[in-house]
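What follows is a single structure, written as structure tokens, with notes after it.
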Amino acid sequence: MKILLSNPSIQYSKQTFKALNEAGHEVVFATAYWYRSKRLIEKTISLTPLKSYLIRYSDDSIKDKQVITRFWATFFHFLIKLLPFEVEQKSYWEDRLQDRWVSRYIKKWKPQLVIGYEKSSIQSFKASDSIGAIKWLDLSQVHPDFIESLRISYDFFIQITGSPILFKKIAHLKKQEYELADSIFCLSNFAAKTLIDASIPKEKIIVNPLGFNEFIFKESERLPNQEQQPLHFIYTGIITKRKGVDLLLKVFSELPKNEVKLTLIGPPGDASAILNTYLEQKNISYKPYINQQDLAKELRAGDVFVFPSFLDSWAAVVLEAMASGLPVIVTKNTGAAQLVTVKNGIVISVGDKQALFNAMTNFLQFPQLKKAMGRSAAETAKQFTWKRYNNQIAEELHKILPRINHV
């Protein structure tokens, strides 16, 4: 089967590509930027600090000939970073350019299956219809109606999801993609429910949660100091209000300072200024950048993972923490909450300060819980490796083969 995978900004698409490739199909990956050391632009960038930024958009296990890119997309990506526009506006422009470019390539290459990323697929799907190709939408977020409800409830959601005019434009675009797609791939039951609540046909929706690297995140390598005090809470993710960092800091500061400590790991975001006001406390530490191997060590050195997010359609960090043997505290608006039971963690309501305080205090009052719940968390996580993710993609491909062969 000829498959075109389109994603302007990578994310987990490299793993999707590998799954398609391993299933024996002819796959082309269309992305905005990919590091090739022989291209003029990469040779130029290699002389600047931007090299380390761009080089992460490559993978030695994926052959360059299977990837198509555009010179102007790379150039535009760096250019707009210098322009005084909101992040959502810049993302919207990149998505539109990606969509137009891919739609032209589809008419030329004529794939049998097109997998498009949300916000960058409407023209691509229309081009797919013109050649009779099947269309899958890769949806990493939730339905825009759900996001709109959060914009109404929390002012900071307006700041991170764009102006009213831009948000309305993007929401309309997404809804058109839902209509055109033959199948919509979601990351969690939570994300799927937001679609169903908005009257998207259930039979159109496929839930395929992301996996984790089982060779890096392991409970078996937990450090031997887990019984010592103070109780060590861990948070990983962007330091942003959307992920509840400011709420976490407020609640943590109310716990007995000599009995707890908190480590936050992740790149700076809109809650960084708030975090800086708490870093004078000796029991709070922050590490902005860390590789996967070091992150795994940090998680194994912790006791409880806490992630009070206002919105995450999956949150792979929760799965990585569970795989590392940590019980978790998450919100109902976190997709990975579908993995959490009374045996391995606690699920709380969004923005509920008292519920978060009670959940964290629970592990403080009953420290013996962390070990048994941590083991249970690790057992649950083992069911959600990348191999499982790949297998489900292969199964979904197998289902459409008769239709492809018929055409």
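The values are calculated or read from the model by the stated rules, or taken from the named source; none is laboratory data. Note that the coordinates shown come from a computational prediction; the quantities given were computed from them, not determined experimentally. Ideal geometry is used to build each Cβ from the backbone, glycine not excepted, and the neighbour counts take in all protein chains shown. The area values use the complete protein model at the heavy-atom level, side chains included, leaving out ligands, DNA and RNA. Shrake-Rupley method; radii C 1.70, N 1.55, O 1.52, S 1.80 Å.
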Residue under evaluation LEU187, criteria (1) in contact with a strand residue (DSSP E or B) (Cβ under 9 Å, 6 or more places away or on another chain); (2) surrounded by fewer than 16 Cβ atoms within 10 Å (Cβ to Cβ); (3) over 22 Å from GLY351 (Cα atoms), criterion not met: (2)
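May I ask you to verify whether THR240 is polar (S, T, N, Q), at pLDDT 95 or above and over 22 Å from GLY345 (Cα atoms)?
Against the criterion (polar (S, T, N, Q), at pLDDT 95 or above and over 22 Å from GLY345 (Cα atoms)), THR240 qualifies.
A quick yes/no check of all residues on (1) within 20 Å of ALA359 (Cβ to Cβ); (2) touching a residue at least 24 places away in the same chain (Cβ under 8 Å); (3) in contact with a strand residue (DSSP E or B) (Cβ under 8 Å, 6 or more places away or on another chain); (4) buried (at least 23 other Cβ atoms within 10 Å of the Cβ):
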residue	(1), (2), (3), (4)
THR236	yes, yes, yes, yes
ILE239	no, yes, yes, yes
LEU249	yes, yes, yes, no
GLU259	yes, yes, yes, no
ALA273	no, no, no, no
ASN276	no, no, no, no
Checking PRO49 against (1) under 15 Å from ILE10 (Cβ atoms); (2) at pLDDT below 80; (3) assigned to a loop (DSSP other than H, G, I, E, B); (4) not aromatic (Phe, Trp, Tyr), the condition it does not meet: (1)
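With region 292-381 as the region, which helices (runs of 4 or more DSSP H) entirely inside it contain at least 2 residues that are among the aromatic types (Phe, Trp, Tyr)? Spell out the reasoning first.
On the way: elements: 292-300, 316-323, 353-365, 369-381.
The qualifying helices (runs of 4 or more DSSP H) are 353-365.
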Of the conditions (1) loosely packed, with under 15 Cβ neighbours inside 10 Å; (2) free of Cβ contacts under 8 Å to residues at least 40 places away in the same chain; (3) under 17 Å from LYS243 (Cα atoms), PRO402 clears all except one; give me its number. (3)
Among the residues of region 116-131, which ones are of a type in the set (Val, Ile, Thr) and open to solvent by less than 20 Å² (accessible area, probe 1.4 Å)? ILE122
Being within 23 Å of the chain's Cα centre (by Cα) and acidic (Asp, Glu) is the filter; apply it to region 152-179 and report the residue that is surrounded by the most Cβ atoms within 10 Å (Cβ to Cβ). GLU177
Residue list for region 280-305, filter: among the acidic types (Asp, Glu) and touching a Lys or Arg at 6+ places or on another chain (Cβ under 7 Å): ASP303
Six or more apart or on different chains, Cβ under 6 Å: which pairs go from a residue in region 106-126 that's in contact (Cβ under 8 Å) with a residue 12 or more places away in the chain and more than 18 Å from PRO8 (Cβ to Cβ) to one that's in a helix (DSSP H, G or I) and not basic (Lys, Arg)? Could you list them? LYS107/ALA127; LYS110/ILE131; GLN112/ILE404
Being surrounded by 15 or more Cβ atoms within 10 Å (Cβ to Cβ) and touching a Phe, Trp or Tyr at 6+ places or on another chain (Cβ under 6 Å) is the requirement here; does ALA337 meet it? no
State yes or no: is PHE366 within 22 Å of THR341 (Cα to Cα) and crowded, with 16+ Cβ neighbours inside 10 Å? no
Residues (modelled with pLDDT under 80, open to solvent by 60 Å² or more (accessible area, probe 1.4 Å) and among the hydrophobic types (A, V, I, L, M, F, W, C)) located in region 52-81: ILE55, PHE71, TRP72, PHE75
How many residues are open to solvent by 10 Å² or more (accessible area, probe 1.4 Å) and closer than 19 Å to GLY269 by Cβ when one looks only at region 299-312? 2
Return the residue satisfying two criteria in turn: it lies in region 290-314 and is of a type in the set (Gly, Ala, Ser) and in contact with a Leu (Cβ under 9 Å, 6 or more places away or on another chain), and of such residues it is farthest from ILE238 (Cα to Cα). ALA301
